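Note sheet for the following structure.
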Amino acid sequence: MTTSTRSTTFFALLIILTASRLTQAQATASQSKLSVHWEELTAADFREGIHRSQGTCLLPFGILEKHGPHLPLGTDLLDVRYAALHAAEQEYAVVFPEYYFGQIAEARHEPGTVAYSREMQLALLQETTDEMARNGCKKVIIVNGHGGNEHLLPFFAQSQLDKPHDYVVYVFDRRSPESGGPPKKSTIDMHAGESETSKMMISRPDTVHIDRAANESGADQHRQNLPEDVYTGIWWYARFPNHYSGDGSVATKELGKFQMDWWIDSVTKAIRAVKADDVSLKLQNEFYEKSKHPLDTQP
């Protein structure tokens, strides 16, 4: 072989080796950038996403309802998806698409509210988590973004003990820190007020109409006189007939960033804890088996 031939062969091999390494690098980069959005993944990427997430999937749960005079109807969904998606990017998990089929009977008098029957809410949620599990999501974390779901979701999770499932439902229901951050200017802040408006300034600032926040009253109307431990479904309408609680006009980006960062970090920690949980499904299966023969259960 001549010097010229050896040189040509060497450069050819070098080009092949370089191309191979480039392809591997591109494949690695593609994998590292694997989307956390369920709907954005190809079928093959979805399989990889389930493997990478260890079967852990998020179901961010919002609602469609009035949020004062200044925030969009989908505020709860927009906020919770922002938190869930950013958390999943820190600790990989597959995030289910928009889901807003929850409990919002108390806002049926307001325009834009979509309130499903209780039968539909439970049936659709069960079908959804069943389908998620059939596709490999054996750990389903429902991340709640709506206060009206605070009773629905624990009940749903408890009802999973009705019959055997090969997956576990977890509910994460913390949306704001109890302390810390910039001092708040309002005392009532339950719905579309200072905190929620501040978070929307981070997640979707283009949808916030802060100039309209003072157009309606978010004060407690105190139109009911019952002991605190007596519950009735009309309590919210009795107190806040405008479906607005607080004062969104005093919201700030600083408060929103603090609260949203806390939310994202909290969801991230929840994902890690669920991934590490190797007990719940075993206990669930043990419970299902024992429930078939309750008289045989020993103390």
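The values are calculated or read from the model by the stated rules, or taken from the named source; none is laboratory data. What you see is a predicted model, and the numbers here were worked out from it, not measured in a lab. Reconstructed Cβ throughout: ideal geometry from the backbone, glycine too, with neighbour counts over all protein chains shown. Keep in mind that these areas ignore ligands, DNA and RNA; they rest on the heavy atoms of the full protein, side chains included. Shrake-Rupley method; radii C 1.70, N 1.55, O 1.52, S 1.80 Å.
Key figures for this structure:
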| quantity | calculated |
| --- | --- |
| Size of charge dipole - segment 164-273 - debye, nearest 20, with Cβ of Lys, Arg +1 and Asp, Glu -1, no other charges | 200 |
| Protein-only accessible surface order, largest first, of Phe258, Phe172, Phe287 at 1.4 Å | Phe287, Phe258, Phe172 |
| Whole-number D in µm²/s for segment 158-299 (Stokes-Einstein; Kirkwood sum over Cα pairs; 20 °C, 1.002 mPa s) | 113 |
| Nitroxide proxy distance, nm - points 7 Å out along Cα→Cβ at Arg212 and Ala276 | 4.5 |
| Semi-axis lengths (Å, descending) of the ellipsoid that matches the C-alpha gyration tensor of the chain | 44, 30, 16 |
| Cα gyration tensor, segment 230-271 - rounded (a/c under 1.5), prolate or oblate | oblate |
| GNM top mover of Thr207, Thr197, Thr232 - the chain, alpha-carbon springs below 10 Å | Thr232 |
| Residues with amide H under 5 Å from that of Ile142, placed H, sequence gap 5 or more | Leu59, Tyr170, Val171, Phe172 |
| Listed residues Gln158, His222, Ser179: farthest to the positive end of the dipole of segment 147-236 (Cβ charges) | Ser179 |
| Qualifying lysines (Cα of each under 26 Å from Cα of Lys253; at least 8 residues distant if same chain) | Lys66, Lys184, Lys185, Lys199, Lys269 |
| Test item: Cα-centred dipole of the chain, Lys/Arg +1 and Asp/Glu -1 on Cβ, debye | 1000 |
| Debye, to nearest 20: dipole size of segment 103-197, +1 on Lys, Arg Cβ, -1 on Asp, Glu Cβ | 200 |
| Accessible area, probe 1.4 Å, largest first, for residues Arg134, Arg175 | Arg134, Arg175 |
| With all protein chains modelled, accessible area of Ile188 [1.4 Å, Å²] | 60 |
| Computed helical MRE - 222 nm, the chain, DSSP H runs ≥ 4 contributing -39500 (n - 2.57), nearest 500 | -14500 deg cm²/dmol |
| Antiparallel DSSP beta bridges within segment 48-145, percent to nearest 5 | 10 |
